[in-house]
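Okay, so here's the structure we're looking at.
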Amino acid sequence: MRLFSALFLLLAAGLVSAAAPDRRIAITVDDLPWASLGDGAGRPLDAAMREHHAMLMAALRAGGDPVIGFVNEGKLGFEGASREERIAMLRDWLDAGAELGNHTRGHVDLHAVGLEAYQADILAGEQVLRPLLAERGQKPRWFRHPYLRAGTSAADKAALSAFLAEHGYRIAPVTVDHSDWIWARAYRNVLDDGADEATLARLREGYVPYMMAKLEYYERFSIALLGYALPQTWLLHANELNAATWPALMAGLDARGYRRVAIAEAMADPAYAREDAYTGRWGPSWLHRWAMAEKKPAAFYAGEPETPRWVLDLAGVDAE
């Protein structure tokens, strides 16, 4: 008893510290080979896109962290040199040590197209991916829902889970969600409108604190819901803004004491065995889905950071 009393006094005095939370995070990147590439015949990549892709690849190689990227094969185009260049971008991810997963061919919305068409698009999204990974003795293991929309009925969700398992996939959830796509659209709009450096710098300088504030929100949410710091799964996108801020984002993780881990390690946490019973129309964080299953009151979700109005205006978006 004296030992515990002495330890309590030392902790209170700040002479010893309690163990830091075990903060781990899996970095997942959607919309490969590049978010702003559209489906179609495949226009040649412009010099700026090549530059930003090279910047992102250099940052991945320098960091050496586990990363998984999710591919939309529709962005590869159909034929010719442009298609080969885009496939080479996927090889760059593999050369940087990343894993690759399936994000459907056309980034389709399950709730809009229905289960049968969605399943067909998943299979269409591995026609390049499977042989590309087979070259390295790998195969696709992870699937990410576009828009995080996973089904509006328990029956559809169960059927999709069975289909994915049959084809060797596990669902890759997201616990740290945000509106990086709005910031990225704003950044891209400024680039397309003459690349005013002061505005680009303002976006970069505002984006990283916004992302860290989102991470802090989900840290607190995890502890409130689960009682501990969940190994998080963090959603990012392959775009110009994340290419420009990747080192700063990783420094932000370092400052918060995060270890970057593979998605398989994060998913080994027992919380991820919880059922995803959410059947609403949107695509919220899995932490929110689990909280909704427990019927948490509205106040439980309070405090989530919002994208500033000036960023929404630059992006041409009315609201999040």
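Tabulated results
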| quantity | calculated |
| --- | --- |
| Sparsely packed trypsin sites (Lys or Arg not before Pro) within segment 274-320, loop by DSSP, other Cβ within 10 Å at most 10 | 281, 295 |
| Pairwise FRET efficiency - residue 127 versus residue 251, Cβ, R0 = 30 Å, nearest 0.05 | 0.20 |
| Evaluated over the chain, the Cα radius of gyration and Dmax, each in Å | 20.7, 77 |
| Segment 171-224 - accessible surface per residue (Å², probe 1.4 Å) | 39 Å² |
| Where GluC sites (Glu not before Pro) fall in DSSP loop in segment 60-131, at most 12 other Cβ within 10 Å | 79 |
| Helix-only mean residue ellipticity at 222 nm for the chain, each DSSP H run of n ≥ 4 adding -39500 (n - 2.57), per residue, nearest 500 | -15500 deg cm²/dmol |
| Full-stretch length increase - residue 113, residue 138 - with 0.36 nm per residue and alpha-carbon distance subtracted | 6.0 nm |
| Extension reserve of the residue 259-residue 195 stretch, reckoned as 0.36 nm per residue once the Cα distance is removed | 19.6 nm |
| Relative contact order for segment 139-249, counting Cα pairs under 8 Å that sit 6 or more residues apart, in percent | 31 percent |
| Restraint check, 157/214; 139/214; 214/295, Cα-Cα greater than 24 Å | 157/214; 139/214 |
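The values are calculated or read from the model by the stated rules, or taken from the named source; none is laboratory data. Note that the structure is a prediction, hence the values are computed from the model and not measured. Cβ coordinates were reconstructed from backbone atoms using ideal geometry, including for glycine residues, and neighbour counts include every protein chain displayed. Heads up: the accessible areas ignore ligands, DNA and RNA and are worked out on the full protein's heavy atoms, side chains in. Shrake-Rupley method; radii C 1.70, N 1.55, O 1.52, S 1.80 Å.
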